[in-house]
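J.: To start, I am sharing the structure in question, which I have written as structure tokens.
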Amino acid sequence: MMSIGNRESYAAATDELTAYASTASAADVAALGDELLAVARLLSGEPRLRRALSDSSTTVEQRTELAGALLTGKVAASTLRVVTALVGARWHSPSEFLTAVEQTGVNALLSSASAAGELTEVEDELFRFGKVVAGDQALGGALGDTSVPAARRTELVRELLAGKAKPVTVRLVEVALSGFGGRGFAASLDRLIELAADRQDRDLAYVTVARPLAEADEAALAAKLSELYGRDVSLKVTVDPAIIGGISVRVGSDLYDGTILRRLTEARKAFAK
């Protein structure tokens, strides 16, 4: 994760991206995101280059010149401007620099989805795909196995989501496959869902119930949580008959577990003492 100090460095690239997105089409912003993520993949595989572009012992001009020599003619001018903003900043480590490039690429994809009015759908599609993967041990193992070439896992994702998800959703799942921010696949997917929600200025509540909630009950729960947290809350509901009854709600690090399974577990522990 980026340090608080380095968020100021990251802000210059964010401003550059925001300025571009304010006038560009959703498709062009998505293309920018794709190119930034391609740069991140290059940096991930080239540690010496990563160090050279983030080495604060060299001048900004030297680092900028290196970035220009590397990328001019290979990426759009808008992409080069964003990368230049990142290269010109100060980073505590090459890994933080890589994280910033990757994060900016993801933000561009989310910005494009927002511009197209598809961000809520993208958020929901990421969550649903995560549930499918979590419920299929073989699929989860295949997608999370980093010993399998990324290209093969990417091909599998594209086959599974073809015609079923927005293009940005597919791209973000591919980001999760690469281990977004150094996380595993499932954790990467969760983080991307959180970023999609945060871009819409709302929190996520992961809700587990034994049976599907009625629409009115979902709305009431969302309203109650929104009142509690002072911010809109989006429910991500999972039905798990194993909890028997009751409800479990997790918002960030807060967990409200009122399930029958929890009460039975606590009772068994009490009797075992």
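J.: Taking amide H positions as placed 1.01 Å from N in the peptide plane, with prolines and chain starts having none, which residues 5 or more places from Gly245, or on another chain, fall under 5 Å of its amide H?
T.: Ile260, Leu261
J.: Which one of Leu109, Leu86, Leu49 has the biggest mean-square fluctuation once the chain is modelled by GNM with Cα springs under 10 Å?
T.: Evaluated over the chain, the most mobile residue of the options is Leu49.
J.: A further question follows. Ranked by accessible surface with a 1.4 Å probe, highest first, in what order do Ser22, Ser111 come? List each step's numbers first, then the result.
T.: Details: Ser22 90, Ser111 15 Å².
Correct descending sequence by accessible area is Ser22, Ser111.
J.: With θ set to phi - 60° and the Karplus curve 6.51 cos²θ - 1.76 cosθ + 1.60, what are the ³J(HN,Hα) couplings of segment 132-145 in order, to the nearest whole Hz, using x for Gly and Pro?
T.: So the Karplus estimates, Gly and Pro as x, are 4, 5, 5, x, 10, 4, 5, 5, x, x, 5, 6, x, 7 Hz.
J.: Could you run the Karplus curve 6.51 cos²θ - 1.76 cosθ + 1.60 with θ = phi - 60° over segment 28-37 and give me ³J(HN,Hα) per residue in whole Hz, x for Gly and Pro?
T.: With the stated coefficients, segment 28-37 comes to 5, 5, 5, 5, 4, x, 4, 5, 5, 5 Hz.
J.: Each residue of segment 226-238 in order: what ³J(HN,Hα) in whole Hz does its phi give by Karplus 6.51 cos²θ - 1.76 cosθ + 1.60, θ = phi - 60°, with x for Gly and Pro?
T.: Result, rounded to whole Hz: 4, 5, 5, 9, x, 7, 4, 10, 9, 8, 10, 9, 10.
J.: Can I ask one more? Multiply the residue separation of Thr59 and Ala216 by 0.36 nm, subtract the distance between their alpha-carbon atoms, and state the gained length in nm to one decimal.
T.: Details: separation 157, 0.36 × 157 = 56.52 nm, distance 5.95 nm.
Answer, rounded to one decimal: 50.6 nm.
J.: Determine the distance separating the Cα centre of segment 1-79 from the Cα centre of segment 85-149; give it in Å without decimals.
T.: Cα centroid of segment 1-79 versus Cα centroid of segment 85-149: 17 Å apart.
J.: Loop only per DSSP, at most 16 neighbouring Cβ atoms within 10 Å: give me the trypsin sites (Lys or Arg not before Pro) in segment 119-202, ordered by residue number.
T.: Filter output for segment 119-202: Lys164, Arg183.
J.: Counting only heavy atoms of protein chains, what accessible area per residue, in Å², does segment 28-181 have with a probe of 1.4 Å?
T.: Value for segment 28-181: 47 Å² per residue.
J.: The list [x] 72, 19, 16; [y] 38, 20, 19; [z] 25, 23, 18 gives values of semi-axes √(5λ) of the Cα gyration tensor in Å, and only one came from this structure; which label was calculated from it?
T.: [y]
J.: Using a probe of 1.4 angstrom, how much of the accessible area of segment 179-248 is carbon and sulfur, in percent?
T.: 50
J.: So how exposed is Lys166, as accessible area in Å² (1.4 Å probe, rounded to 10)?
T.: Taking all protein chains as shown, Lys166 has close to 50 Å².
The values are calculated or read from the model by the stated rules, or taken from the named source; none is laboratory data. Being a predicted model, the structure only gives us computed values, none of them experimental. Glycine also receives a Cβ, built like all others from the backbone with ideal geometry; neighbour counts cover every protein chain displayed. In case anyone asks, the SASA skips ligands and DNA or RNA and just uses the protein heavy atoms, side chains included. Shrake-Rupley method; radii C 1.70, N 1.55, O 1.52, S 1.80 Å.
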